[in-house]
């Protein structure tokens with residue numbers, strides 16, 4: 001079922017209809033290194049988080065990314081693919097490649113600089129020949145579908161929260177709903193200037209969420225989503241959203257990851273709430289990579 005209003009979502013959702021019954025966190029992760037790291041001017045057309053006035057330091061980005069991979073590997077297996085100067089945004093692979101159990105999904109990217117990523121034969125072959133996943137290729141879709149950048153998925157319940165913007169339209173939402181095998185997808189408009197839902201919303205292991213109501217065109221949409229996880233809701237203000245506090249991820253049932261900048265921007269009460277909900281907060285310095293308009297969650301491709 002796909003719904004497109006708070007009223008329809010609240011009518012469709014009930015805890016007994018969508019109980020947590022599937023694995024909430026991935027069994028592995030894949031990253032793409034910032035080899036040839038730079039800031040893509042084409043992507044900056046609709047990504048206000050990009051720091052185009054600042055110079056990109058490839059060596060520093062590589063060090064931070066390697067440290068991130070090493071830190072994540074203490075939680076789950078991590079595979080890393082080499083970056084390429086021809087695809088400078090590839091450091092954020094979750095927008096282009098995603099998985100559901102036994103299925104690998106290739107997204108339909110808005111910008112040509114990112115569509116080149118979707119054609120990578122090595123990553124496709126890793127899914128099909130190494131993991132033996134069935135490939136669902138949306139790259140030729142008549143629409144835009146930037147996977148788990150636009151679509152925040154509660155994997156435990158099979159619910160997708162899809163932010164509509166230049167990076168995802170209704171055709172893309174429908175295609176992703178089918179590709180990921182979701183039971184319910186809630187489509188809503190992002191606020192002007194927001195490009196991906198995963199910057200304003202995170203679902204932590206199916207039992208909590210972080211949400212920036214200001215990132216939604218209609219606050220009622222944010223409140224409807226928050227009601228699923230209440231009272232385990234971190235409400236983020238605009239400043240925290242700008243520090244990527246909404247771009248976190250739970251990679252196990254007891255750990256939430258976000259960038260060092262994001263973790264530092266959380267209030268003490270928010271940190272305490274995460275601990276009360278059974279989550280240890282882990283972070284990594286990613287300020288160099290964040291110049292490119294994404295943060296830790298964007299760097300992590302999930303393997304389910």
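The values are calculated or read from the model by the stated rules, or taken from the named source; none is laboratory data. Keep in mind it's a predicted model, so treat the numbers as computed, not measured. Here the Cβ positions follow ideal geometry from the backbone for every residue, glycine too, while neighbour counts run over all protein chains shown.
The table for this structure:
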quantity	calculated
Members of the stretch 58-87 that are part of a loop (DSSP other than H, G, I, E, B) and under 20 Å from residue 113 (Cα atoms)	82, 83, 84, 85, 86, 87
When residues of the stretch 195-211 are limited to those that are out of contact with any strand residue (DSSP E or B) (no Cβ under 6 Å at 6 or more places or on another chain) and buried (at least 24 other Cβ atoms within 10 Å of the Cβ), the one farthest from residue 105 (Cα to Cα)	200
Which numbered condition residue 50 fails, given (1) modelled with pLDDT under 95; (2) in a helix (DSSP H, G or I); (3) under 17 Å from the mean Cα position of the chain (by Cα)	(2)
The stretch 10-23 residues that are closer than 13 Å to residue 182 by Cα, paired with ones that are outside any loop (DSSP other than H, G, I, E, B) and at pLDDT 95 or above (beta carbon under 8 Å, 6 or more apart)	18/159; 18/184
Residues of the stretch 120-162 classified as closer than 30 Å to residue 221 by Cβ and touching a residue at least 60 places away in the same chain (Cβ under 8 Å), total	9
Whichever residue in the stretch 212-242 is part of a loop (DSSP other than H, G, I, E, B) and touching a strand residue (DSSP E or B) at 6+ places or on another chain (Cβ under 8 Å) and, among such residues, is surrounded by the most Cβ atoms within 10 Å (Cβ to Cβ)	236
Among the residues listed as 125, 156, 104, 175, the single one being part of a loop (DSSP other than H, G, I, E, B) and within 19 Å of residue 304 (Cα to Cα)	156
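Each row is one residue, and each column tells you yes or no for (1) in a strand (DSSP E or B); (2) under 18 Å from the mean Cα position of the chain (by Cα); (3) crowded, with 16+ Cβ neighbours inside 10 Å; (4) at positive phi.
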position: 264; (1), (2), (3), (4): no, no, no, no
position: 269; (1), (2), (3), (4): no, no, no, no
position: 272; (1), (2), (3), (4): no, no, no, no
position: 275; (1), (2), (3), (4): no, no, no, no
position: 281; (1), (2), (3), (4): yes, yes, yes, no
position: 289; (1), (2), (3), (4): no, yes, yes, no
position: 294; (1), (2), (3), (4): no, yes, yes, no
position: 297; (1), (2), (3), (4): no, yes, yes, no
